[in-house]
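The values are calculated or read from the model by the stated rules, or taken from the named source; none is laboratory data. Just so it is clear, the model here is predicted, and its values are computed rather than measured. Cβ coordinates were reconstructed from backbone atoms using ideal geometry, including for glycine residues, and neighbour counts include every protein chain displayed.
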Amino acid sequence: MTFKDKVVVITGGAQGIGRCCAECFEREGATVHVIDVKDGPWFVGDLADKATLERFAEDVITKSGHVDVLVNNAMPLFKGIDECTYEEFAYAQAVGVIAPFYLAKLFKEHFSQGASIINISSSRDRMSQPQSESYTAAKGGIAALTHALAASLAGRVRVNSISPGWIDTTGKTFEGPDASQHFAGRVGNPMDIANMVLYLASDKAGFITGENICIDGGMTRNMIYHNDFGWRLKN
């Protein structure tokens, strides 16, 4: 999968999954534009701010003229109903749902034929823990936004989403139950997601659009009932 002369845009690309994706695309010859709230040698800005999104899109088009791949990866705020304020919940949706929508809109006339949008959702788009509402709602929103955009941009841009499970970005090795609870026998790492991002962005995935692919080592397929197969609920 070569991306020589391709133009790739990645949100939240300063670290973790986003940084891994950026490095992989760069190794394959792509020109990569990153936006992140963290200071660094990329476009620095808050994705929740409309004017920032407009300046970023203008910067990308001025420098590169078009977009071949858009990866919406930036992480929304993670807070639950007990602590999350109205403003914080709205901010999480702005980063996690509104920004991906608005970037797709801003780039709409500049996507190349056969371009690809890849939205990073989460396995939390289908399962939950307590006190996770702001993040979970944003991830559910971007998963639904994916198939809506796939319909609206049909024939020109393929749109898919990836739902990662537990992805460790620190390089730590996990053993024991943390690893063995996964069917795959380990916790995930950023390359597990980046490999799929590059595949979905390539011509090899030319017949895949409107799809959500869960990459979680099998955790969401693991049926858990109290007292079955060693699982016990602690109240």
- Query: Which of the residues spanning the range 161-172 are small (Gly, Ala, Ser) and surrounded by fewer than 18 Cβ atoms within 10 Å (Cβ to Cβ)?
  - Reply: Gly171
- Item | Residue among Ile167, Ile224, Ile208, Ile193 that is within 29 Å of Thr146 (Cβ to Cβ), β-branched (Val, Ile, Thr) and without any contact (Cβ under 8 Å) to a residue 40 or more places away in the chain | Ile224
- Task: Within the range 76-93, identify whether any single residue is at pLDDT 95 or above, of a type in the set (A, V, I, L, M) and closer than 25 Å to Arg158 by Cβ, and answer yes or no.
- Result: no
- If you go through the range 25-36, how many residues are farther than 21 Å from Phe111 by Cβ and within 16 Å of the chain's Cα centre (by Cα)? 1
- Task: Can you run down the residue pairs with Cβ atoms below 9 Å, 6 or more apart or on separate chains, where the first is in the range 108-131 and without any contact (Cβ under 8 Å) to a residue 40 or more places away in the chain and the partner is surrounded by 15 or more Cβ atoms within 10 Å (Cβ to Cβ) and hydroxyl-bearing (Ser, Thr, Tyr)?
- Result: Arg124/Ser132; Arg124/Tyr135; Arg124/Thr136; Arg124/Ser163; Ser128/Thr136; Gln129/Thr136
- Among residues belonging to the range 119-134 that are assigned to a helix (DSSP H, G or I) and of a type in the set (Gly, Ala, Ser), point out the one that is surrounded by the most Cβ atoms within 10 Å (Cβ to Cβ). Ser134
- Of the residues Phe111, Phe174, Phe183, Phe89, which is of a type outside the set (Lys, Arg) and under 20 Å from Ile35 (Cβ atoms)? Phe111
- Item | Of all residues in the range 135-160 being within 17 Å of Phe207 (Cβ to Cβ) and of a type in the set (Gly, Ala, Ser), the one that is surrounded by the fewest Cβ atoms within 10 Å (Cβ to Cβ) | Gly155
- Failed criterion for Glu175 (all others in (1) surrounded by 16 or more Cβ atoms within 10 Å (Cβ to Cβ); (2) without any contact (Cβ under 8 Å) to a residue 24 or more places away in the chain; (3) farther than 26 Å from Ile81 by Cα hold): (1)
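Quickly run through the range 75-97 and pick out the residues that are among the polar types (S, T, N, Q) and within 23 Å of Ala14 (Cα to Cα).
Selection gives Gln93 alone.
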